[in-house]
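The values are calculated or read from the model by the stated rules, or taken from the named source; none is laboratory data. Worth saying up front: this structure is predicted, and the values here are computed from it rather than measured. Methodologically, a virtual Cβ is constructed for each residue, glycine included, from the backbone with ideal geometry; neighbour enumeration extends over all protein chains shown. For the accessible areas, the whole protein counts, side chains as well, though only heavy atoms, and no ligand, DNA or RNA atoms are used. Shrake-Rupley method; radii C 1.70, N 1.55, O 1.52, S 1.80 Å.
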Amino acid sequence: MICSIAHQCGGCTDFHAPQIERITRKRKPVLDFLRACNIQIPVPILHVGEEGIRDKVDLQFQSGEWGFFTSHKRVVPTKRCPKSAPLINDFLMQLWDNPMPIQRASVRLRRAPDNTLGIWIDAANLDILALLKEQRWLRWLHKNAIVEIGQRHKRLILKEDSLKLQKKKVLYPWFETTLPSGQRTPLFTTIAGFTQPSIQINRTLVEETVALLQRSDARIWLEYGSGAGNFSFPLSQIAQKVYLSESNPTAKRGLERGFRTLSQYAPFTILSENLNRAEAPIYGDVEGIILDPPRSGANQFMDNIVRWPNVRDIVYVSCSFESLKADLSILLSHHFSLCSIKGIDQFPRSHHCEWVVYLRKSFD
């Protein structure tokens, strides 16, 4: 892999280190934690690939140039990223040839599974108004990609020969997940909505998570942090009943739409965001929990987990071992045993790793 900005870009902090050295570095804090807890289990890390894997890329635009943030929050001009899908790199080159008529913006480029291109532009309100008034650049962009603008992710549409922003968010199958049968099913979200960065690596992540779900004999599951359904839809093919906890209204819409694409699934309930109060009746039902929290961890939900009487299996997916370690310490102190931990090298050439963990509670 050759990259002209590898020594500057903040995304690939371990770019020049050999793969075995990078894998060893990612595994070390996990092994240290296990050793401190007197736990002896293997810690494999699956390395799926490096080039052309990213289908979602976040860029900065400043003074006519497109680029990535450095580790010091400066922008380094970028015309190609080896980790990005070829279609995204081709689109980036077109953007260089057609710079925005404003000075500054944050931008997300996205490739859908059907190769549709999307771009989300987040800029100051005055700059957004300037783009809409100027029209010429947005007309060019609208011909080449689906466009969303602003914090509310409004879709750019052509109406009465003028480009306008649609008031209601428009969902599109920008991502996909994999069912236990191997069938792929769409995830409906906005360009700016959260998904994993790589369609390819996500298949491995979901397959490993599904394998853990199938090890469990829990029948009634709660998923905390369901998003658009990356694990919800596979779970619905395995469980007898599913509770889904998601606070984002757009993600809830995506969940509901995604379920309509499935031919069969377990009965499900999408819960409100306050599990401490509104969903008290489910406390005695839940036997298994999937946790897929933000980088800060599931600390706000830990009190629920340790007091619910029948929870015996937990599958935890984490992008930050520091927060995962804190949550594991709580669970281990409440009679849960760490049965397996596996890394998915979703962020190659950096110090980050995605972790998939399986815990089981002893009721003795």
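With all pairs of separate Cα atoms included, segment 1-140 yields a Kirkwood hydrodynamic radius of 17.5 Å.
Taken about its Cα centre, the chain carries a charge dipole of about 720 debye when Lys and Arg each add +1 at the Cβ and Asp and Glu each add -1 at the Cβ.
Determine the dipole magnitude for segment 136-258: charges of +1 sit on the beta-carbon of Lys and Arg, -1 on that of Asp and Glu, nothing else is charged, the reference point is the Cα centre, and the result goes in debye to the nearest 20. Don't skip to the end; give the middle numbers.
Working: 19 positive and 10 negative charges, 152 e Å.
For segment 136-258, the charge dipole is close to 740 debye.
On average, how much accessible surface per residue is there in the chain, in Å², for a 1.4 Å probe, leaving out ligands, DNA and RNA?
On the way: 16770 Å² over 364 residues.
I get 46 Å² per residue for the chain.
Partner lysines whose Cα lies under 20 Å from the Cα of Lys26, excluding those fewer than 8 positions away in the same chain, are identified as Lys83, Lys325, Lys342. Accessible surface of Met100, taken over heavy atoms with a 1.4 Å probe and every protein chain present, rounds to 10 Å². Please state the shape class of segment 74-187: rounded when a/c is under 1.5, otherwise prolate if a/b exceeds b/c and oblate if not, all from the C-alpha gyration tensor. Oblate shape, in that a/c is at least 1.5 and b/c is the bigger or equal ratio. Choose one of Pro29, Phe15, Val48: the residue whose Cα lies farthest towards the positive end of the charge dipole of segment 1-79 (beta-carbon charges +1 Lys, Arg; -1 Asp, Glu; about the Cα centre). Looking along the dipole axis, the top candidate is Pro29.
Keeping the other protein chains in place, figure out the carbon and sulfur percent of the accessible area of segment 217-364, with a 1.4 Å probe.
Values: 2760 of 5940 Å².
Looking at segment 217-364 in its full context, I get 46 percent from C and S.
Cross-link list Lys168/Lys241; Lys154/Lys252; Lys133/Lys154; Lys168/Lys252: which exceed 21 angstrom alpha carbon to alpha carbon?
Values: Lys168/Lys241 32 Å; Lys154/Lys252 17 Å; Lys133/Lys154 16 Å; Lys168/Lys252 14 Å.
Exceeds cut-off: Lys168/Lys241.
What FRET efficiency comes out for the pair Gln94/Ile330, r = Cβ-Cβ distance, R0 = 41 Å, nearest 0.05? Spell out each step's value before the answer.
Details: r = 49 Å, r/R0 = 1.20.
In this case the efficiency is close to 0.25.
If you take all other residues with their beta carbon under 15 Å from the beta carbon of Gln40, and give Lys and Arg +1 and Asp and Glu -1, the sum is +1. Of interest is the spacing of the C-alpha centroids, which for segment 109-142 and segment 147-203 amounts to 14 Å.
Calculated from the structure at hand, volume of the Cα convex hull per residue in Å³ is found among (i) 130; (ii) 145; (iii) 154 as (ii).
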